[in-house]
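The values are calculated or read from the model by the stated rules, or taken from the named source; none is laboratory data. Owing to the predicted nature of the structure, the values given are computational and were not obtained by experimental measurement. Cβ: placed from backbone, ideal geometry, glycine included. Neighbour counts: every protein chain shown. What goes into the accessible areas is simple: the full protein's heavy atoms, side chains included, and nothing from ligands, DNA or RNA. Shrake-Rupley method; radii C 1.70, N 1.55, O 1.52, S 1.80 Å.
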Amino acid sequence: MTVGAESGRDLPGLARQAVDAFAESAARRRDRDALMDTAFAALFELYRATTAAERASPAGRNFNSTLAELLVSGNNPDRLSLYVVRTQTAAENGRHEGYRPACWRRSMLQLLGDEFVPWDRFLRPVDLEAIPRIDDALVAVAAEASPVSGEEVPAWVPETHWWWWEPARQAAADGADRADSGPLGAVVGE
C-alpha cells in the first residue's frame, strides 16, 4: 500500500503494524485476548485509513495474502476461534453487559471477512457455523437492549452491519404494532 501524499497517511506503516500484530499473536502463547484485540485494533486502523480501491490494489492484495497466511498460522486459528466464541457470548449477554460491545466485536469479524480475507479461508467450520448464531443472539437480545442512537453508531459502520440498528428497528416495529393494533371502536365508544 502506498502513502497517501495528500493526507500524509502512512499506509505501509499501518499495514506493517497489522501484520506485526497478527504475527505476534501467531507466535506468542500468552495473552490470548489481548493479542487478538491488539491485532484487530491495528487492522481496524488500516481499514479506516484506506479506501476500498486501496484495499483492492496490488499492494492491498499483497497485504491480504500475507494476512491470510498469518490467520492460519501458529496460535491464530485458536485465537480466532476464541474471538468468535467471545463474540457469541457478548451477543448472548448483550442485554446485560451492553449491546454495543457485541456489535463492535461482530463488526470486526465482518470487516476482516469482507474487506481483507474471506472467512472461509481462515475460520474453522465450527466458527463459520457460529456466525448465524451470533446474529440470532443479536436479534434476540435487541428487544431488551437500549437502542443505539444515531450519534452512538460510529461513523465508520457500514449500513450492512444491521446489528447496530436492530434495537431501534425492533422498537420502531413494536411501536407500529401497538399503534395499529386494531379498531378503536371500543376506546371511542362506538
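With the cut-off at 1.5 for a/c, could you classify region 1-120 from its C-alpha gyration tensor as rounded, prolate or oblate?
Note, shape of region 1-120 comes out prolate.
Using the C-alpha gyration tensor of region 18-66, what are the square roots of 5 times its eigenvalues, in whole angstrom, with the largest one first?
23, 12, 5
Just to make sure I understand: if all protein chains stay in place, what is the order of Trp156, Trp163 by accessible area at 1.4 Å, largest first? Spell out each step's value before the answer.
On the way: Trp156 30, Trp163 5 Å².
Largest accessible area first, the list is Trp156, Trp163.
Assuming R0 = 22 Å, can you tell me the calculated FRET efficiency for the pair Val126 and Arg16, based on Cβ-Cβ distance, to the nearest 0.05?
E between Val126 and Arg16, to the nearest 0.05, is 0.10.
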